[in-house]
Amino acid sequence: MRTTKKHFEAERQRAQYLTARNTGASTREEVEIAPVTLTNLLPDVPGGQPGLISRAELNSNGLMYDIPQWVGNNVPGPDYLTIKLGNVTLDPIIRVDKPLAGKFPMKLSIPKSLLGADGLKKLHYEVQTSGIQYGIAEPVSFTVDLYDPNTLSEPKAVELPAEVGDLLTGDYLDDHGGVEVTIPPYSDPHPGDWYEFFWSYFDTQPIARGDLPGDGTAFSFTIPATAIVAQQDGEKYLTYKLWDRAGNDSKPAKPYPLRVVIDPVPSNLQPPRVPLAPIDLKDAQIGVTVEIDRYDNAMIGDSIVVSFNGHSLVKPLDRLSFPASVNVPWETLKAGGVTAPYTAPVSYKIVRGGDNYDYTPPISVDVDLSVAGGGVNPIDPGPINPDLDPPLVTSSEDEENELGPGDIGEPATVTFDLYDDVAIGHQVQLYWGTEAVFSPAHTVDDADLTRGHFELIVPWTVIDTVKNGAHPVYYTLNNNINDNEIESPRTTVNVNIFEIGDLEVVTFMRKIDLTPGLFLINCTHQPYNGIPLRILDRTHIKVGDQIVVEWRLLQGFETETEIGAAAGDFPIEVTQDHSDAGHPGELLTVPYSPYIELGGFESKIRVRYRLIKADGFGGGTSDPAEALLLQQELDGEGCRITLDE
């Protein structure tokens, strides 16, 4: 709502009346006070929005203004300052204690959130004294502009001369010296508006910028031929952005598609190159490409069309970076045959818009994809053929795909079915994990064909080399004619033969050393508070492992008779590698009852632990640690309980 002069006078009269009524005075003396000074506005321009605040300033500081000092009086009590935005009173009302000197100009601000919607605003203030004096300042106008010059809508596309249409040629530029671009009228023009014009929608820097008249009319400008020639030929999408004085920018305008053809036609085409030629199965697995070297007058938007053995492969040229690589998919490679070698003619041509240019003379590329067990229509080049029979591992104890402690020193047997095109002389290699089993590879013979399946032996030396773990077992096939190989599906064999033989033993935290490996725990060690143990092995114990402490108590010092009720197993989850610097190890206090209490005056502790590795393989059991447990004082009584110091 606008605060008109008439409205302002009415407001002044109401304020005078209400103040007089509230104070019991019949009249009020009005004091003229100076208007606010707005301190962070843009300079006005002729015909532009008055008192405009920039978008950046608005977001950072809101509206900043100064209140000048007004004339005071000698009446005791404070003055009160009220700020009004339009006819809305802004909180809080400010108390100004006397004397007034030194408090002005009073610097205040209104945050963006309180300034309301886009448009022209008015700001003034009122002073209420404790006596008979008051004043209302004249309103000061300012403008908040929150919308871009096209009010959040996509601007219309630029207009080009009719004779240009969607094709700009070198001849046109030669005749006209450039091209005229017209920005159509937009929805909310103001003096001070300006534009950025982009030769392509995807450019980050404009090719031109300039002021707009801001009067709602179309505006034309010329892009010189030199600037256009400096750009690459090809498909362009002309666009622009509108800006206003406040710093609001529009969306990019609707693109204007323009094909620019200035340079001459593609020429000096070099022969295609196939870096992996001659092509075999491993090349197909890596990925075969045809490389196209730079040719004269190349343009973004050109299409490179490769003919590979009669099959067309299209590569759009989206950047002028050479050589350009054109992938040859497996479907194209195998179309020439997978059971025998073939020779593929390879050439290419350039297509620009609707223009097709001639193919280059072809080069010849030898291709050999044949492989034993490869099939006649493989879905991919491998290296794995899922149609091959997965290998089966049988241990010396007739377990399938499992080797345990009973298989130590023994070989394993691997069996699998004959493949479709099996022939004497083919080569079979077997892999146990990453280890090749045979050197040289096994050659298919009459015995294999007569048996009706393969039966291959994995020596103990290979098993011992690879050690424990879940290992992939597979085989590869080769036809003994070329270097192509195909692999079988994997079978996982779980090997859990080898145990760790040098685990560190359990340490008694409180004890007396008797002889190497034998300790004494007596009443001075307060066994009634439990016996603390430490397990620390910086070499073998890792995060995720599990430790099971096996606690046993034997009758007396000399017997091997266990006290069954005093036996206990204590599991511990390892949460940190013992190799970490400063790791204290795993600490466990064995409770007094029943594990210690039942030992009586004299007993023997025997404690060890089992290490279970996180992956389930290669754990082990430590040697036992032993300590004599004497729970008797010198006077023949049991241990007397004392408090820890």
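Nothing in this text is a laboratory measurement; each read-out follows from the coordinates by a stated rule. In this text the structure is predicted, and so the values were computed from the model without any measurement. A quick note on method: Cβ atoms are made from the backbone with ideal geometry, for glycine too, and the neighbour counts reach across all protein chains shown.
Expressed as an acute angle from 0 to 90° and rounded to the nearest 10, what is the orientation of the C-alpha long axis of helix 5-23 relative to the principal long axis of the chain? The angle comes out at about 80 degrees.
Would you order 426, 311 from fewest to most other beta-carbon atoms within 10 Å of each residue's own beta-carbon? Show your work: numbers first, answer last.
Working: 426 22, 311 15.
Starting with the residue having the fewest Cβ neighbours, the order is 311, 426.
Between residue 114 and residue 45, the modelled label-to-label distance comes to 3.1 nm, taking each label 7 Å out from Cα in the direction of the beta carbon.
A Cβ-based charge dipole, computed about the Cα centre of region 323-475 with Lys and Arg at +1 and Asp and Glu at -1, lands at about 1000 debye.
Answer with one residue from 309, 322, 363: the one whose Cα lies farthest towards the positive end of the charge dipole of region 281-367, charges on Cβ with Lys, Arg +1 and Asp, Glu -1. With unit charges placed on the Cβ atoms, the residue in question is 309.
Given +1 on the Cβ of Lys and Arg, -1 on the Cβ of Asp and Glu, and no further charges, what dipole in debye does region 417-480 carry about its Cα centre, rounded to the nearest 20?
Values: 2 positive and 9 negative charges, 58 e Å.
Its charge dipole is roughly 280 debye.
Counted by neighbouring Cβ atoms within 10 Å, the residues 158, 493 run from fewest to most as 158, 493.
With a Cα-only, solvent-free Debye model of the chain, what are the log10 I(q)/I(0) values at q = 0.06, 0.10 Å⁻¹? Here log10 of I(q) over I(0) equals -0.83, -0.98.
Expressed in nm to one decimal, what extension gain is obtained for the pair residue 294 and residue 159 from 0.36 nm per residue of sequence separation less their Cα-Cα distance? Walk me through the numbers before you get to the answer.
Values: separation 135, 0.36 × 135 = 48.60 nm, distance 3.51 nm.
Working it through step by step, the gained length comes to 45.1 nm.
Report the one residue of 423, 69, 631 whose Cα lies farthest in the direction of the positive end of the charge dipole of the chain (charges on C-beta: Lys and Arg +1, Asp and Glu -1; origin at the Cα centre). Result: 69. Each Lys and Arg contributes +1 and each Asp and Glu -1, all at the Cβ; summed about the Cα centre of the chain, the dipole is approximately 4680 debye.
Using Cα centres only, tell me the gap between region 523-572 and region 432-459 in whole Å. That distance is 50 Å. Got a sec? Which residues in region 437-463 would a label at residue 396 touch, if it sits 7 Å along Cα→Cβ and we count backbone N under 13 Å? Counting only backbone N, you get 458-463.
When the GluC sites (Glu not before Pro) in region 516-601 are filtered for DSSP coil states and for at most 10 other beta-carbon atoms within 10 Å of their beta-carbon, the remaining sites are 558, 560.
Think of region 392-495 as a dipole: +1 on every Lys or Arg Cβ, -1 on every Asp or Glu Cβ, centred on the Cα centre; then among 473, 401, 444, 473 lies furthest on the positive end.
Could you please state, rounded to a whole Å, how far the C-alpha centre of region 462-521 is from the C-alpha centre of region 262-313? What the calculation gives is 51 Å, centre to centre.
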